[in-house]
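These notes concern the structure reproduced below.
The values are calculated or read from the model by the stated rules, or taken from the named source; none is laboratory data. For clarity, every value in this text was computed on a predicted model and none was experimentally measured. With ideal geometry, Cβ positions are generated from the backbone for all residues, glycine too; neighbour counts draw on all protein chains shown.
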Amino acid sequence: MGLFSFFNSKKKEEKKGFEFVTDFKKHLIDNLLLVNLPVDWIPYDSDRFRAKTDDGMLQMSLVNYQNNGKNTIEINSQFFKELKLDLYDNFVTEGEYEAYDDLKVTDSFITKSFKVDEETQYYYTTAKHVHGRLIITDIIVREIGTYNKKMQPLLQVIGSSIAIK
């Protein structure tokens, strides 16, 4: 079994000395991709796909964008570094975000977290070739409070659940 099973609504993962258990619900994004999100992340109307918790302490947004005619681009760690590292540096130098030491870059995704005033922002980006197009998916989670060591592994589970409709 991989990181995530679409056929099992309960998921238990062990990551570096802790475990989390959550239920997931499948959502259709842009009539193109399916993604599983924790059931307590409730979607609401917006200009893009957004969800939040009942208490408002956590908000997430998910946006897909495409690079037309770029289906020959190889998706790997170098692709993600070129796509996001300068932006992350700008967050710190121009936006005065405080970076956490949790950058992770693989051949499937890039992820990084920042402290911004009273909240922590978690960024996750992945990409897929879909019907001859390069689709890049950004997930941003904003959570009031201090760094949550379970959020990055949870985002990786969510990211790995993204599938073509």
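Considering every residue within region 100-118, establish whether at least one is under 14 Å from residue 59 (Cα atoms), crowded, with 17+ Cβ neighbours inside 10 Å and not basic (Lys, Arg).
Scanning region 100-118 turns up no residue that is under 14 Å from residue 59 (Cα atoms), crowded, with 17+ Cβ neighbours inside 10 Å and not basic (Lys, Arg).
What is the one condition in (1) in contact (Cβ under 8 Å) with a residue 24 or more places away in the chain; (2) assigned to a strand (DSSP E or B) that residue 43 does not satisfy?
(1)
Would you point out which residue out of 97, 122 is among the hydroxyl-bearing types (Ser, Thr, Tyr), crowded, with 17+ Cβ neighbours inside 10 Å and farther than 24 Å from residue 29 by Cβ?
Result of the check over 97, 122: 97.
For the condition in a strand (DSSP E or B) and at pLDDT below 95, what is the one hit in 62, 28, 37?
After applying the criteria, what remains is 28.
Sort out which residues of region 144-165 are more than 18 Å from residue 63 (Cα to Cα) and part of a strand (DSSP E or B), and write them in order of number.
Listed by number, the list holds a single entry, 144.
If residue 128 meets every condition in (1) in a helix (DSSP H, G or I); (2) buried (at least 16 other Cβ atoms within 10 Å of the Cβ); (3) not hydroxyl-bearing (Ser, Thr, Tyr) apart from one, which number is that one?
Just one mismatch for residue 128, condition (1).
Look through region 76-107, keep the residues that are among the charged types (D, E, K, R) and touching a residue at least 12 places away in the same chain (Cβ under 8 Å), and return whichever of them is farthest from residue 120 (Cα to Cα).
107
Could you grab me the full set of residues in region 136-164 that are surrounded by fewer than 19 Cβ atoms within 10 Å (Cβ to Cβ), farther than 20 Å from residue 116 by Cα and of a type in the set (A, V, I, L, M)?
Correct list: 163, 164.
Return a yes/no flag: does region 71-88 have any residue that is closer than 22 Å to residue 150 by Cα, modelled with pLDDT of 95 or more, hydroxyl-bearing (Ser, Thr, Tyr) and in contact with a Lys or Arg (Cβ under 9 Å, 6 or more places away or on another chain).
yes
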